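Asks: One structure, as structure tokens, below. Some questions next.
The values are calculated or read from the model by the stated rules, or taken from the named source; none is laboratory data. From a predicted model like this one, the values you see are computed outputs, not experimental measurements. Cβ atoms come from the backbone with ideal geometry, glycine included; neighbour counts cover every protein chain shown. Heavy atoms of the whole protein, side chains included, go into the accessibility calculation; ligands, DNA and RNA do not. Shrake-Rupley method; radii C 1.70, N 1.55, O 1.52, S 1.80 Å.
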Amino acid sequence: MSPTLLDRVAFVTGAGSGIGRAAAVLLAERGCHVAINDIDPSSAEDTAAAVRQAARVALVIAADVSDVAAIKDGIRRAEQHFGRIDILVNNAGVSSDKRALEDIDEPDFDRMFGVHVKGAFFATQAVVPGMKRRRSGKIINVSSNWALHGATLLSHYTGAKAALIGLTKAWARELAPFRIRVNAVVPGSTVTPMVLRRLPIDKIREIEQSWPLGRWLEPQEVAYSIAFLASPEADMITGQMLVANGGQDFPGP
Ligand code: NAP
């Protein structure tokens with residue numbers, strides 16, 4: 001086991017699936033104990049089993065991140081259990097069918113901004129007092145390549161993911177005096193259950209032909225960027241975007 005994150009405590013939202021699960025398991029393999037949040041308790045339990053396989057402590061926090069009281073209570077329970085949270089990964093996310101701007105209704109908008117923006121905002125608000133007291137902490141927001149390039153017919157998703165970049169920059173400035181580092185990972189299209197629910201695998205294979213590196217990312221490849229920003233090697237990086245997009249600079253070739 002790499003000692004870089006030995007006995008650190010990470011809290012990962014949306015860790016029952018995809019990128020969040022890969023990040024939780026990789027952080028455990030690098031030494032972290034992990035609080036595993038997801039709206040779905042059974043998928044969170046599966047991730048917890050994988051964390052325990054790495055001989056680390058796992059705590060399942062079943063909560064909807066867009067429910068402020070629930071996520072704050074989840075952070076409080078994790079702090080009680082582990083004594084502290086060193087790393088927060090704001091990863092929980094939802095997708096949507098493609099919809100024209102005029103077809104996106106208020107519930108669609110509220111769900112998108114509720115999970116991605118409100119969820120990250122209040123989870124971060126809840127971990128910051130402990131991090132300030134210890135004058136140490138890492139916050140990693142999972143944004144999206146679409147925030148940089150604009151997803152056609154997904155403007156509510158694009159806007160929510162772009163908001164995370166603004167929050168990253170504002171929090172990095174505000175929290176630097178407390179030695180809390182705040183960064184964003186900006187993944188390109190990654191083969192996860194979120195994507196597989198909307199695109200058949202043969203369509204995925206067709207799309208990737210036009211991308212510079214010729215394929216979609218795997219969740220593990222995004223997790224490497226998250227684990228890097230969580231590590232001491234990234235202690236002098238704050239307020240930045242780590243764009244792990246496989247060269248997918250839209251519009252493609
Ligand atoms: P995923 O496989 O669907 O994983 C997301 C997880 O978050 C799921 O377990 C989901 O549970 C959970 N979740 C959803 N709403 C939640 C809530 N309100 N509270 C707590 N947990 C919740 O998707 P993914 O692709 O790994 O996405 C992870 C993050 O990466 C998201 O923020 C996404 O926007 C971002 N991202 C993904 C891609 C990509 O191409 N995959 C690219 C760029 C950025 P359910 O399954 O029960 O809904």
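Asks: Let's test the formula: R0 of 25 Å, r as the Cβ-Cβ distance of residue 4 and residue 64. What FRET efficiency results, to the nearest 0.05?
Replies: That pair, residue 4 with residue 64, gives E of 0.20.
Asks: Tell me, what are the semi-axes, in whole angstrom and largest first, of the equivalent ellipsoid of the stretch 159-253 as set by the roots of 5 times the Cα gyration tensor eigenvalues?
Replies: 30, 14, 12
Asks: Between residue 152 and residue 199, what is 0.36 nm times their sequence separation minus the Cα-Cα distance? Round to one decimal in nm.
Replies: Full-extension gain reported as 15.3 nm.
Asks: Determine the alpha carbon to alpha carbon distance for each of 98/161; 132/169; 98/118 and list only those over 20 Å.
Replies: Result: 98/118 exceed 20 Å.
Asks: Label points 7 Å out from Cα along the Cβ direction at residue 111 and residue 173: separation in nm?
Replies: The modelled label-to-label distance comes out at 3.5 nm.
Asks: How much accessible area does residue 206 have with a 1.4 Å probe, in Å² rounded to the nearest 10?
Replies: 110
Asks: Can I ask one more? Cα-based Rg (one decimal) and Dmax (whole number) for the stretch 71-211, in Å?
Replies: Taking only Cα atoms of the stretch 71-211, I get Rg and Dmax of 16.9, 50 Å.
Asks: Also, I was wondering about something else. Go through 194, 131 and list them by solvent-accessible area, largest first, probe radius 1.4 Å.
Replies: 194, 131
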